[in-house]
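Each remark here refers to the structure printed beneath this line.
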Amino acid sequence: MAKNSIRVRYAPSPTGHLHIGNARTAIFNYLFARHNKGKFIIRIEDTDTKRNVADGEISQLDNLKWLGLDWDEGPDKPGDFGPYRQSERRSIYEPLIQKLLDEGKAYESYRTEEELAADREEQKARGVMPHYEYEFEGMTEDEKNQKIADAKAKGLKPVIRFKVPKNHDYKWDDMVKGPLSFNSDSIGGDFVIAKRDGMPTYNFAVVVDDHLMEISHVFRGDDHVSNTPKQLMIYDAFGWDAPKFGHMSLITSADSGKKLSKRDESIIQFIEQYRDLGYLPDAMFNFITLLGWSPVGEDEIFSKQQFIKMYDYTRLSKSPAKFDNKKLEWINNQYVKSSDEDVVMDLALRQLIAKGNIPANPDAKTVEWARKLINVYKQQMSYMAQINEMADVFFHEPDQVSGDALEEISNDTAPVVLEEFAKRAKELDIFDKVEILKTIKAVQKDTKIKGRKLWMPIRIAVTHEMSGPELPESIELIGRDKALEHIEQTLKQIN
């Protein structure tokens, strides 16, 4: 590796969909690499086979691409440092594990899960933090060998544990949090580096992969801080230089202040869910980048290229990042407003079809009608799924006028306006927003009724709502027959 060359990685586990927090990790590594003209690598950490899900890897990569990320090496872009799936690297890990065994830096451990659980319960009863206690403590070499022989005779398979040095401080200058230090006696004892099936654990495999893939910098979530001293021990055991570490702040809910939890269903947390709701990928990229990183100045809307140009890891926040759904909606709305009409049309039409408001294979007339409808709501929509709720009046027959709306039109002038408008609307050769607006103004001229008393009765009668998009457009979209039918029903009700 050339001196000072930048190589960073995002290493997801194929255990489910792409989470907001994981997406942020990917984006921050991506921006760091692109800003510094370095390499961005994807590595799949799939050693925990019990948690892997079908198509988990495909889902992760597909959603990263949707967000606008591209990478230089990965399972779908082989490079000089592959394979890029940990499950395909066992032949790399095994001789390195054996090397630690041969050097006495690791050993076979035959303690069963039941015995380990009993140890933890006994430690809790003593008021001691649960930890692994060396199972051969105080034994002679013969006694140790006999205990191992007995375990093998029972058919027990060992895990491989790393022998943690006693009372040693592990320090690093974290790129986000500053100087950090852990004493080796505080990490819970000798830890497992290979499971009973021979598969390496995370803390071992990640060190080997980062070293052999020549990773220069590791940006990851704050929850990995406690893993770092264990990883530094393995780097030391092999005599390897560790990369620079940066641990990003937690993401918390703006409402509760609590750490974002995948079990908290009050917040949508997976990228695929936002895709399904019709959010725009550039808006999601923008919003996520501002979770724990701040640009210079007050602006908050930037393109991906702008983020790449101005990205500076020293502006990563040490304080928790607040996930504010209202801010996300605002950012997405800014992108919707400025997006190409065809982009908005395509995404919103999909939402209308998914809800059953538009046929799955609409004809040209329906598509053109939908285009007009979507354009009416384009400025208001925070995300495309809102079109179904906002435009509900165009798909479902409204209930009778009631409440404040009924009170609004319970006067002497409302029937006059409605009867005059209905009479003129029936006679229109072209029923569009231009002619409808002319008709409303003609009603005003002839009846001398204007302002709220003119517009509100027509809106309430036709839509049964007191607010909404421009009235002429709304009436055109509802159509002449429905509009007249609604007016007739309302006249019967108020008369």
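Summary table
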| item | result |
| --- | --- |
| Region 295-311, residues that are at pLDDT below 95, open to solvent by 40 Å² or more (accessible area, probe 1.4 Å) and over 29 Å from Leu347 (Cα atoms) | Val296, Gly297, Glu298 |
| Out of Lys144, Lys177, Lys195, sole residue that is over 30 Å from Lys50 (Cβ atoms), crowded, with 16+ Cβ neighbours inside 10 Å and of a type in the set (D, E, K, R) | Lys177 |
| In region 261-280, residue modelled with the lowest pLDDT [restricted to those that are of a type outside the set (Phe, Trp, Tyr), under 11 Å from the mean Cα position of the chain (by Cα) and open to solvent by 10 Å² or more (accessible area, probe 1.4 Å)] | Lys262 |
| Any pair with Cβ under 6 angstrom, 6 or more apart, that starts in region 232-245 at a residue that is in contact (Cβ under 8 Å) with a residue 12 or more places away in the chain and buried (at least 19 other Cβ atoms within 10 Å of the Cβ) and ends at one that is assigned to a loop (DSSP other than H, G, I, E, B) and hydrophobic (A, V, I, L, M, F, W, C) | Leu232/Ala242; Pro243/Ile215 |
| Lys318 being out of contact with any Phe, Trp or Tyr (no Cβ under 9 Å at 6 or more places or on another chain), in contact (Cβ under 8 Å) with a residue 40 or more places away in the chain, not in a helix (DSSP H, G or I) and not polar (S, T, N, Q) | yes |
| Residues located in region 6-16, provided they are of a type outside the set (Val, Ile, Thr) and surrounded by fewer than 19 Cβ atoms within 10 Å (Cβ to Cβ) | Gly16 |
| Contacts under 8 angstrom Cβ, first residue in region 427-443 being surrounded by 13 or more Cβ atoms within 10 Å (Cβ to Cβ), partner in a helix (DSSP H, G or I) and acidic (Asp, Glu), 6 or more apart | Leu428/Glu435; Phe431/Glu476; Asp432/Glu476; Lys433/Glu473; Lys433/Glu476; Ile436/Glu476; Val443/Glu420 |
| Members of region 99-135 that are open to solvent by less than 40 Å² (accessible area, probe 1.4 Å) and touching a Pro at 6+ places or on another chain (Cβ under 8 Å) | Ser109, Tyr110, Asp119, Gln123 |
| Helices (runs of 4 or more DSSP H) contained in region 364-470 and holding at least 2 residues touching a His at 6+ places or on another chain (Cβ under 7 Å) and either under 16 Å from Glu485 (Cβ atoms) or of a type outside the set (S, T, N, Q) (or both) | 452-463 |
| Lone qualifier among Lys326, Lys322 - being under 17 Å from Gln379 (Cα atoms) and of a type outside the set (Val, Ile, Thr) | Lys326 |
| Unmet criterion (only one of (1) in a loop (DSSP other than H, G, I, E, B); (2) within 23 Å of Ala205 (Cα to Cα)) for Asp173 | (1) |
| Answer from Ala425, Ala414 - the residue that is over 18 Å from Trp369 (Cα atoms) and touching a Lys or Arg at 6+ places or on another chain (Cβ under 7 Å) | Ala425 |
| In region 362-403, residue most open to solvent (accessible area, probe 1.4 Å) [restricted to those that are hydroxyl-bearing (Ser, Thr, Tyr) and within 30 Å of Phe287 (Cα to Cα)] | Tyr383 |
| Out of Phe204, Phe245, sole residue that is closer than 22 Å to Arg34 by Cβ and within 29 Å of the chain's Cα centre (by Cα) | Phe245 |
| Residue ID - most open to solvent (accessible area, probe 1.4 Å), chosen from residues in region 39-55 that are closer than 19 Å to Arg24 by Cβ and not hydrophobic (A, V, I, L, M, F, W, C) | Glu45 |
| Lone unmet requirement of (1) hydroxyl-bearing (Ser, Thr, Tyr); (2) more than 22 Å from Phe307 (Cβ to Cβ); (3) buried (at least 19 other Cβ atoms within 10 Å of the Cβ) for Tyr30 | (2) |
| Verdict on Arg89 being closer than 30 Å to Val8 by Cβ, in contact (Cβ under 8 Å) with a residue 12 or more places away in the chain, open to solvent by less than 30 Å² (accessible area, probe 1.4 Å) and within 35 Å of the chain's Cα centre (by Cα) | yes |
| Filtered residue count, region 98-133, keeping only those that are closer than 19 Å to Lys166 by Cα, in a loop (DSSP other than H, G, I, E, B) and touching a Phe, Trp or Tyr at 6+ places or on another chain (Cβ under 9 Å) | 2 |
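The values are calculated or read from the model by the stated rules, or taken from the named source; none is laboratory data. Fair warning: this is a prediction, and the values are worked out from it, not measured in the lab. When we count neighbours, we look across all protein chains shown, and the Cβ atoms used for this are built from the backbone with ideal geometry, even at glycine. Just so you know, the surface numbers come from the protein's heavy atoms only, side chains and all, with ligands and any DNA or RNA stripped out. Shrake-Rupley method; radii C 1.70, N 1.55, O 1.52, S 1.80 Å.
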